[in-house]
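Working notes, structure below.
The values are calculated or read from the model by the stated rules, or taken from the named source; none is laboratory data. Worth saying up front: this structure is predicted, and the values here are computed from it rather than measured. Cβ sites come from the backbone with ideal geometry, for glycine too, and all protein chains shown count toward neighbours.
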Amino acid sequence: MLAVDGISVRFGGITALDGVAFTVEPGTAVGLIGPNGAGKTTLFNCLTRRCAPDAGTVRFEDEDLLALPPHSVAGRGIARTFQNLGLFPLLTVRENVMVGAHGQGRTGHLAAALRLPRVRREERELRDRADDLLRRLGLAEVADHPASGLPFGTLKRVELARALAVRPRLLLLDEPVNGLSHGEVDQFADLVRSVREDFDLTLLVVEHHMGFVMGLCDKVVCLDFGRKIAEGSPEEIQRDPAVIEAYLGVAA
Amino acid sequence: MSTIVATLGTDRARRLRAALTTLLVAAVAVSAPFYFAPFQVFQLTMVLLYAVALAGLNLLVGFGGQISLGHGAFFAAGAYTAAVMLDRYDTGHLATLPVAAAGCFLLGLGFGVPALRLRGLYLALVTLAFAVFLPPLLKRLEPVTGGSMGLTVDKLQPPAWSGMAEDQWTYFVVLAVTAVSLLLARNLLRSRVGRALLAVRDNESAAEVMGVRLSLHKTLAFAWSALFAGVAGCVYTWVIGFVSPDSFSFVLSITLLAGLVVGGLASLYGPLLGAAFVMYVPSVAQDISEAAPGVVFGLLIIAVMFVAPTGLAGLAGRVRGTAARRLIRTTTPAADDDRPSGSEPSAPPTPADPAAVDAEPVGAPPRPEKE
């Protein structure tokens, strides 16, 4: 479904990614792990066209992702969440989710200004769909609350709801349980598992929480200093000497 | 279940309150010209037309998160479009409105393109340059614009059947234009494109990841914003019947931006409050200090921003919030059931409450931007 090949990104003298290659098969969940600064988020940014790699290709269902304009990525069925929340803080939770459904609307500026009947209809549909998602994720209570000043765990769910509103087939989660408490991590893991099932999602997850990654993913890719040092099933990765050396560490 | 019932209740209450408010405002707006003296009606007319320009600026600055110090120039473009059409081609007044609107829309579209690459202070500077260079240009294009002498054109004349005086008829025409403009702006914001604009303001890169095409929404925000400024300018020509380059110096642009910030950024009725501020406060300032009205005007702006950092439109909410907090603090043990919000201890004084200013006798010339 997604094929990353030979991606290299350099920021000045720093090589953030160096010839990284891996694939994501439809319906699977792939974990991306590695020490801080290994290039995981940079890779996500390449996939969503936030930054342009210096070399390499990214193909999504036989289409060159790097040739797309950045705003078209969502339309192809790719959504993401952000490491430190990328919500719209002054919009309500519901509006945030409705922005996620931006690509499903057709209303142009003129029709919107005149508020034609079809604009009303579309608004109602988008709103209903957003409300469905909010109910599904247990966010109905905060629908009219601005997407700031809520508990961090709630905001993480809002971001997930917004990403689901894109109707993605490939969902990129950037440190989804970073900053959550122990109990919240388990809840969030259950939530991700159930939406994966319900929405038929393929997942690519960056996360430091090993319990979360190993429990969720079918395959794990480990990066270190911009290079892929290992790829394999969670069990293989946990035994891989290079991964243990670079990242997991040995028991004292 | 009970929450659903409760939300239904509040929803209906809110709708009812909105309908009542609209009705009340409409009644006041329609009866106003029959109560006030012609000069005061003229001032109200100017408030309405400034509100259109501020609503346009609000789309760009308040909701779009961009900045423009050049909206006076779009205003001028609209005004001159109307004046030239009336002067040279003798089209009716009404015909000038769509032309001015379309022209300014295109002009704004043109300006939206560099705005994609510039932001913050750089964009402010470029738009300011536009506002600074337009008046000399208008002076140079003498054959069309009348040069420094400007153009004098016919004002709106009331048709015989209306039985109204000139100022009343003008007021109603401008009221209609303003109402339609504000409605269009509101519709725009309450839609997919409006949400996209707000999303871009709040977090550009997240908006783009969600599929919002930044270039489209940012340039169109500029274009719509310019359109409203142009409509205001066009109506200005109808009302004043005279345009000259000196009426549209860059001070106008700055006054508009100041008015918007004072009225309340990203608020739907902030432009109206801001327009009242821009219209009345300079003349109040003149009454307070003959020598330096500008200083008093500036001080009043500072005072408003100090008391109401979110603008006059946000003041009511802030006062209510403070009052509620104080109430809770003083009456915590008491039952928390029906506590009417009417018991607000008429909190912090509002130095520039437009309603209070409204009643001031104003003798100064109506143009807020002097020199």
Handout entry: Matching residues, segment B:195-206, being in a helix (DSSP H, G or I) and facing chain A (nearest Cβ under 7 Å)
Key = B:Arg195, B:Ala196, B:Leu198, B:Ala199, B:Asp202, B:Ser205, B:Ala206
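Whether any residue in segment B:18-29 is surrounded by fewer than 17 Cβ atoms within 10 Å (Cβ to Cβ), touching a helix residue (DSSP H, G or I) at 6+ places or on another chain (Cβ under 7 Å) and not acidic (Asp, Glu) is what I want to check.
Going residue by residue through segment B:18-29, those that are surrounded by fewer than 17 Cβ atoms within 10 Å (Cβ to Cβ) are B:18-29.
If we keep only those that are touching a helix residue (DSSP H, G or I) at 6+ places or on another chain (Cβ under 7 Å) too, we end up with B:29.
Filter once more, so that each one left must be not acidic (Asp, Glu): B:29.
Yes, segment B:18-29 has at least one match.
Would you be able to say whether some residue in segment B:104-127 is touching a Cys at 6+ places or on another chain (Cβ under 9 Å), over 25 Å from B:Ala207 (Cα atoms) and modelled with pLDDT of 90 or more?
Of all residues in segment B:104-127, those touching a Cys at 6+ places or on another chain (Cβ under 9 Å) come to B:104.
From what's left, over 25 Å from B:Ala207 (Cα atoms): B:104.
Subset that is modelled with pLDDT of 90 or more: B:104.
Within segment B:104-127, one or more residues are touching a Cys at 6+ places or on another chain (Cβ under 9 Å), over 25 Å from B:Ala207 (Cα atoms) and modelled with pLDDT of 90 or more.
Return the total of residues in segment A:70-83 being more than 8 Å from chain B (Cβ to nearest Cβ) and out of contact with any strand residue (DSSP E or B) (no Cβ under 7 Å at 6 or more places or on another chain). So that I can check it myself, show each step before the final result.
So the first thing to find is which residues in segment A:70-83 are more than 8 Å from chain B (Cβ to nearest Cβ), and the list is A:76-78, A:81, A:83.
Of the ones still in play, those that are also out of contact with any strand residue (DSSP E or B) (no Cβ under 7 Å at 6 or more places or on another chain) are none.
Adding up the residues that qualify gives 0.
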Practice task
From B:Ala292, B:Ala275, grab the single residue that is touching a helix residue (DSSP H, G or I) at 6+ places or on another chain (Cβ under 9 Å) and either without any contact (Cβ under 8 Å) to a residue 24 or more places away in the chain or of a type in the set (Lys, Arg) (or both).
Solution key: B:Ala292
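When the residues of segment B:170-193 are narrowed to those that are part of a helix (DSSP H, G or I) and facing chain A (nearest Cβ under 7 Å), which ends up nearest to the chain's Cα centre (by Cα)?
Taking segment B:170-193 and keeping what is part of a helix (DSSP H, G or I), we get B:170-189, B:192-193.
From what's left, facing chain A (nearest Cβ under 7 Å): B:184, B:187-188, B:192-193.
Details: B:Leu184: 14, B:Asn187: 16, B:Leu188: 16, B:Arg192: 23, B:Val193: 21 Å.
Within segment B:170-193, the match that is nearest to the chain's Cα centre (by Cα) is B:Leu184.
Looking at A:Gly86, is it under 12 Å from the mean Cα position of the chain (by Cα) and either aliphatic (A, V, I, L, M) or within 9 Å of chain B (Cβ to nearest Cβ) (or both)? Lay out the reasoning, then the answer.
Numbers: under 12 Å from the mean Cα position of the chain (by Cα): yes; either aliphatic (A, V, I, L, M) or within 9 Å of chain B (Cβ to nearest Cβ) (or both): yes.
In short, yes.
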Exercise for the section: Give A:Leu32, A:Leu43, A:Leu91 a once-over and let me know the one that is touching a Leu at 6+ places or on another chain (Cβ under 8 Å), closer than 27 Å to B:Arg192 by Cα, at pLDDT 90 or above and hydrophobic (A, V, I, L, M, F, W, C). Expected result: A:Leu91
Exercise for the section: Scan (1) modelled with pLDDT of 50 or more; (2) more than 24 Å from B:Ser247 (Cα to Cα); (3) under 22 Å from the mean Cα position of the chain (by Cα) for the single condition B:Gly321 breaks and write down its number. Expected result: (3)
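Pick out, from segment A:188-252, the strands (runs of 3 or more DSSP E) lying fully within it that include 2 or more residues that are surrounded by 15 or more Cβ atoms within 10 Å (Cβ to Cβ) and without any contact (Cβ under 8 Å) to a residue 60 or more places away in the chain.
Qualifying strands (runs of 3 or more DSSP E): A:227-232.
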Handout entry: Residue check, B:Met279 part of a helix (DSSP H, G or I), within 28 Å of B:Gly65 (Cβ to Cβ), at pLDDT 85 or above and not basic (Lys, Arg)
Key = yes
Handout entry: Residue count for segment A:89-107, restricted to those that are buried (at least 20 other Cβ atoms within 10 Å of the Cβ) and more than 9 Å from chain B (Cβ to nearest Cβ)
Key = 3
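If we keep just the residues of segment A:10-29 that are more than 28 Å from A:Val195 (Cβ to Cβ) and out of contact with any Gly (no Cβ under 7 Å at 6 or more places or on another chain), which is surrounded by the most Cβ atoms within 10 Å (Cβ to Cβ)?
First, pick out the residues of segment A:10-29 that are more than 28 Å from A:Val195 (Cβ to Cβ): A:10-19, A:21.
Among the residues that remain, those that are also out of contact with any Gly (no Cβ under 7 Å at 6 or more places or on another chain) are: A:10-14.
On the way: A:Arg10: 14, A:Phe11: 11, A:Gly12: 6, A:Gly13: 5, A:Ile14: 11.
Of everything passing the filter in segment A:10-29, A:Arg10 is surrounded by the most Cβ atoms within 10 Å (Cβ to Cβ).
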Exercise for the section: Please list, ordered by first then second residue, the pairs with beta carbon atoms under 8 Å, 6 or more apart or interchain, first in segment B:39-61 and under 12 Å from B:Leu182 (Cβ atoms), second at pLDDT below 95 and not in a helix (DSSP H, G or I). Expected result: B:Asn58/B:Leu265; B:Asn58/B:Ala266; B:Asn58/B:Ser267
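Could you run through segment A:90-119 and say how many residues are farther than 22 Å from B:Leu216 by Cα and out of contact with any His (no Cβ under 8 Å at 6 or more places or on another chain)?
If we filter segment A:90-119 for residues that are farther than 22 Å from B:Leu216 by Cα, which is where we start, we get A:92-94, A:117.
Then drop every residue that is not out of contact with any His (no Cβ under 8 Å at 6 or more places or on another chain), which leaves A:94, A:117.
Residues meeting the conditions: 2.
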Exercise for the section: Evaluate segment A:124-140: report whether one residue or more is within 8 Å of another protein chain (Cβ to nearest Cβ) and either acidic (Asp, Glu) or over 22 Å from the mean Cα position of the chain (by Cα) (or both). Expected result: no
Practice task
Please indicate, with yes or no, whether at least one residue in segment A:158-170 is more than 13 Å from chain B (Cβ to nearest Cβ), over 16 Å from A:Asp198 (Cα atoms) and either free of Cβ contacts under 8 Å to residues at least 24 places away in the same chain or surrounded by 19 or more Cβ atoms within 10 Å (Cβ to Cβ) (or both).
Solution key: no
Exercise for the section: Can you work out which of the residues in segment A:132-149 that are over 22 Å from B:Asp11 (Cβ atoms) and touching a residue at least 24 places away in the same chain (Cβ under 8 Å) is surrounded by the fewest Cβ atoms within 10 Å (Cβ to Cβ)? Expected result: A:Ser148
Handout entry: Any hit, segment B:266-284, residues being within 14 Å of chain A (Cβ to nearest Cβ) and on the phi > 0 side of the Ramachandran plot
Key = yes
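Which of the following residues is in contact (Cβ under 8 Å) with a residue 24 or more places away in the chain, of a type outside the set (Ser, Thr, Tyr) and farther than 30 Å from B:Ala124 by Cβ: B:His71, B:His93?
Working: B:His71 fails: farther than 30 Å from B:Ala124 by Cβ.
Step by step, each of B:His71, B:His93 is checked, and only B:His93 is in contact (Cβ under 8 Å) with a residue 24 or more places away in the chain, of a type outside the set (Ser, Thr, Tyr) and farther than 30 Å from B:Ala124 by Cβ.
Please note which strands (runs of 3 or more DSSP E) are completely contained in segment A:1-112 and include at least 1 residues that are over 22 Å from A:Lys156 (Cβ atoms) and aliphatic (A, V, I, L, M). Please lay out each step first, then the result.
Values: elements: A:2-11, A:14-24, A:29-33, A:55-60, A:78-80.
Those strands (runs of 3 or more DSSP E) span A:2-11, A:14-24, A:55-60.
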